[in-house]
1. Looking only at helices (runs of 4 or more DSSP H) that lie completely in the stretch 9-80, which have at least 1 residues being under 19 Å from residue 99 (Cα atoms) and hydrophobic (A, V, I, L, M, F, W, C)?
2. Being farther than 26 Å from residue 108 by Cα and either of a type in the set (Ser, Thr, Tyr) or loosely packed, with under 11 Cβ neighbours inside 10 Å (or both) narrows it down to one of 50, 16, so name that one.
3. Anything in the stretch 32-47 that is in contact with a His (Cβ under 9 Å, 6 or more places away or on another chain) and surrounded by fewer than 18 Cβ atoms within 10 Å (Cβ to Cβ)? List them, or say none.
4. Which residues, taken from the stretch 70-89, are within 19 Å of residue 55 (Cα to Cα) and among the acidic types (Asp, Glu)?
5. Take the residues in the stretch 66-84 that are among the small types (Gly, Ala, Ser) and at negative phi; name whichever of them is surrounded by the fewest Cβ atoms within 10 Å (Cβ to Cβ).
6. Scan the stretch 67-91 for residues that are within 11 Å of the chain's Cα centre (by Cα) and touching a residue at least 40 places away in the same chain (Cβ under 8 Å) and jot them down.
7. Considering 44, 53, which residue is in contact with a helix residue (DSSP H, G or I) (Cβ under 9 Å, 6 or more places away or on another chain) and without any contact (Cβ under 8 Å) to a residue 24 or more places away in the chain?
8. Only residues that are surrounded by fewer than 17 Cβ atoms within 10 Å (Cβ to Cβ) and out of contact with any Leu (no Cβ under 7 Å at 6 or more places or on another chain): list them for the stretch 53-65, please.
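Readers should treat all values here as calculations from the given coordinates under stated rules, not as data from a laboratory. In this text, all values refer to a predicted model and were calculated from it rather than measured experimentally. Glycine also receives a Cβ, built like all others from the backbone with ideal geometry; neighbour counts cover every protein chain displayed.
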Amino acid sequence: MQDWAIEVAEASDIPRYLALFQDAGINEEVRFALAEMTIQAFEDWTYEARNPDLNSNPEWAWFLSYLAENAKVHEWQIWYWAGWDNSLDDTWQVAPYMRRLYQGYLAASA
């Protein structure tokens, strides 16, 4: 399992993942893996939810705020999930949000 964080992520566990981010005792390495799981879980949620609208999802808004505040730690993930190699019509549902994050917080330092 090369991408275990992606493979084990579950949309139903999003609240649990977000609660873990608030644990001051977890280190940066764990937060990185947890962020990978969380992004994948939200991506899965867009396919599993009855009315999947990330714009109106308060958990997604909180997570984006967390990523913005910790953009340097999660720079690679934000860049990866932005799906720059594809058009927005042919990439992940989370890509437009990641592109905005990257452009707003990281592009100037790249």
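1. Answer list for the stretch 9-80: 28-48, 58-69.
2. On inspection, the qualifying residue turns out to be 50.
3. 32
4. 89 - this is the single residue of the stretch 70-89 that is within 19 Å of residue 55 (Cα to Cα) and among the acidic types (Asp, Glu).
5. Step by step, filter the stretch 66-84, then rank; the result is 68.
6. 74, 77, 81
7. 53
8. 53, 55, 56, 58, 61, 65
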